[in-house]
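Taking it in order: structure first as structure tokens, then the write-up.
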Amino acid sequence: MNKLIGKYLNHTLKNMKISIVAGARPNFMKIAPIIDAIKIKQNQGLDISFRLIHTGQHYDKNLSDTFFQELGIPLPNINLEVKSGSQAEQTAAIMIGFEKELSKFPSDLVLVVGDVTSTMACSIVAKKEGVKVAHVEAGIRSGDLLMPEEINRIVTDSLTDFYFTTSTYANENLLKLGVEESKIFFVGNVMIDTLLKNISKFNEPPIFNALGLNSQKYIVLTLHRPSNVDEEKVFADLMRNISRIAKDFKIIFPVHPRTKKLLEGLDLNLPNVHYIEPLGYLQFNFLVKNSFLVMTDSGGITEETTVMGIPCLTLRNSTERPETCDFGTNMLIGSDVVLMEEAITKIVAGKWKKGSVPELWDGNAATRIVEVLIKLYNIKP
């Protein structure tokens, strides 16, 4: 028995109240299976309740509503309506809003996911209010302190009580930092829970026919990291290089709101690049599953391509998900033109690594998380 669980079993919690925080679109995919797992336990007679708090950090009504509907997520109990702003402005606004939320609706546990600003801000508030914090996707590190997400990870993990990890790499990172092994729970990947549950529901977006796309004959591109999209010259050079090197393929680029602002001021009408509006979860992953290659600076997408067996090139120099490179179909290339050319040539020749699915990425991570919480708090029917 985990020593920490042993410590908690000397008391029984009749009604466990959990505050679940989501702030950005990637969070929705992570909370969906956790909510499903809680509902299963509720149906089994366990008295667990939750409030879903949407901080509004990334909020597009149409897209957010689409994600909630597609993934079967209940509407949030509250939207803090933080919206856009600088890192400091967002952090402050989330903390103010979440402090009021916790004051009005006390909780036994604040559950945060991922590494967005909301994750960090709500963890700080929870600890100041004396509420325990569970961090799903704890322990991942890129080593790049220029990434805002890396700061969020470090701060959140310094305040966390229960660490739910996706890989042994994350476990090792936490142990090196001095986290007690009894507080670390290797459960698998909730993003993959959502992927495996919904893979049979992926549906073709209208642009598939509109652009004359054929399976395995196009590339999906996503860019949103500040290092790639905040400086006009860097972004323009990267786009032109991708277009030139992948000239034999149509490149489908769902444009992130952050990137859209930059595009509007640039002349980047590249012959094989098709800029499209962001898609919902089911339509976007249909594109990914049927693509020849994915090029991205997202961490989460590299996990999904690994499980789907799609070649992936990460346009960054570091990753917080090394398992996607060591075991999966992913490779780090940064903005290196030579590496990009070599990689695409190898993929075209059918010589790309096949990859394998990392340990415990089996669709049951959320179930494990909820089982651990039930044992930790000794919840009885």
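Cβ contacts < 6 Å: first residue touching a residue at least 60 places away in the same chain (Cβ under 8 Å) and in the same structural domain as G212 (by TED's automatic domain parsing), restricted to region 252-281; second residue part of a strand (DSSP E or B) and not acidic (D, E), any location; separation 6+ or different chain. Result?
Cβ pairs passing all conditions: H274/I252; I276/P254; P278/P254; L279/P254.
Are there any pairs, at least 6 apart or on different chains, whose C-beta atoms fall under 6 Å, with the first in region 357-381 and within 17 Å of A32 (Cβ to Cβ) and the second surrounded by fewer than 19 Cβ atoms within 10 Å (Cβ to Cβ), and if so, which?
If the second residue must be surrounded by fewer than 19 Cβ atoms within 10 Å (Cβ to Cβ), the pairs left are G363/L196.
Restricting to region 170-198, give me the number of residues that are within 15 Å of G114 (Cα to Cα), assigned by TED's automatic domain parsing to the domain that holds I73 and of a type in the set (D, E).
Adding up the residues that qualify gives 0.
If a residue counts only when it is within 25 Å of E180 (Cβ to Cβ), which helices (runs of 4 or more DSSP H) contained entirely in region 86-159 have at least 3 such residues?
117-128, 148-159
Restricting attention to region 55-66, does a residue exist that is in contact with a strand residue (DSSP E or B) (Cβ under 9 Å, 6 or more places away or on another chain), modelled with pLDDT of 95 or more and part of a helix (DSSP H, G or I)?
Taking every residue of region 55-66 in turn, none turns out to be in contact with a strand residue (DSSP E or B) (Cβ under 9 Å, 6 or more places away or on another chain), modelled with pLDDT of 95 or more and part of a helix (DSSP H, G or I).
Which residue out of V357, V348, V338, V294 is buried (at least 23 other Cβ atoms within 10 Å of the Cβ) and on the phi < 0 side of the Ramachandran plot?
Exactly one of V357, V348, V338, V294 is buried (at least 23 other Cβ atoms within 10 Å of the Cβ) and on the phi < 0 side of the Ramachandran plot, namely V294.
Of the residues in region 184-235, how many are part of a loop (DSSP other than H, G, I, E, B), of a type in the set (S, T, N, Q) and in contact (Cβ under 8 Å) with a residue 40 or more places away in the chain?
4
So, of the residues in region 303-326 that are within 14 Å of S356 (Cβ to Cβ) and among the hydroxyl-bearing types (S, T, Y), which turns out to be surrounded by the fewest Cβ atoms within 10 Å (Cβ to Cβ)?
T306
Determine whether L75 is surrounded by fewer than 21 Cβ atoms within 10 Å (Cβ to Cβ), out of contact with any Cys (no Cβ under 6 Å at 6 or more places or on another chain) and not in a helix (DSSP H, G or I).
yes
Mind listing whichever residues of region 23-49 are part of a strand (DSSP E or B) and without any contact (Cβ under 8 Å) to a residue 40 or more places away in the chain?
S49
For region 51-63, check the following and say yes or no: at least one residue is surrounded by fewer than 18 Cβ atoms within 10 Å (Cβ to Cβ), without any contact (Cβ under 8 Å) to a residue 40 or more places away in the chain, within 30 Å of H224 (Cα to Cα) and not charged (D, E, K, R).
So far as region 51-63 goes, yes, one or more of its residues are surrounded by fewer than 18 Cβ atoms within 10 Å (Cβ to Cβ), without any contact (Cβ under 8 Å) to a residue 40 or more places away in the chain, within 30 Å of H224 (Cα to Cα) and not charged (D, E, K, R).
Among the residues of region 73-85, write down those that are modelled with pLDDT of 90 or more and over 20 Å from the mean Cα position of the chain (by Cα).
Of everything in region 73-85, those that are modelled with pLDDT of 90 or more and over 20 Å from the mean Cα position of the chain (by Cα) turn out to be N77, I78, L80, E81.
Kindly check whether there is at least one residue in region 189-203 that is buried (at least 19 other Cβ atoms within 10 Å of the Cβ) and charged (D, E, K, R).
For region 189-203, residues buried (at least 19 other Cβ atoms within 10 Å of the Cβ) and charged (D, E, K, R): present.
Go through region 69-93 and give me each residue that's touching a strand residue (DSSP E or B) at 6+ places or on another chain (Cβ under 9 Å) and among the hydrophobic types (A, V, I, L, M, F, W, C).
I73, L75, I78, L80
In region 236-347, which strands (runs of 3 or more DSSP E) lie fully inside it and hold 1 or more residues that are of a type outside the set (F, W, Y), more than 30 Å from I154 (Cα to Cα) and at pLDDT 95 or above?
Values: elements: 250-254, 273-276, 293-296, 312-314, 330-332.
By residue number, 250-254, 273-276, 293-296.
The values are calculated or read from the model by the stated rules, or taken from the named source; none is laboratory data. Owing to the predicted nature of the structure, the values given are computational and were not obtained by experimental measurement. Glycine also receives a Cβ, built like all others from the backbone with ideal geometry; neighbour counts cover every protein chain displayed.
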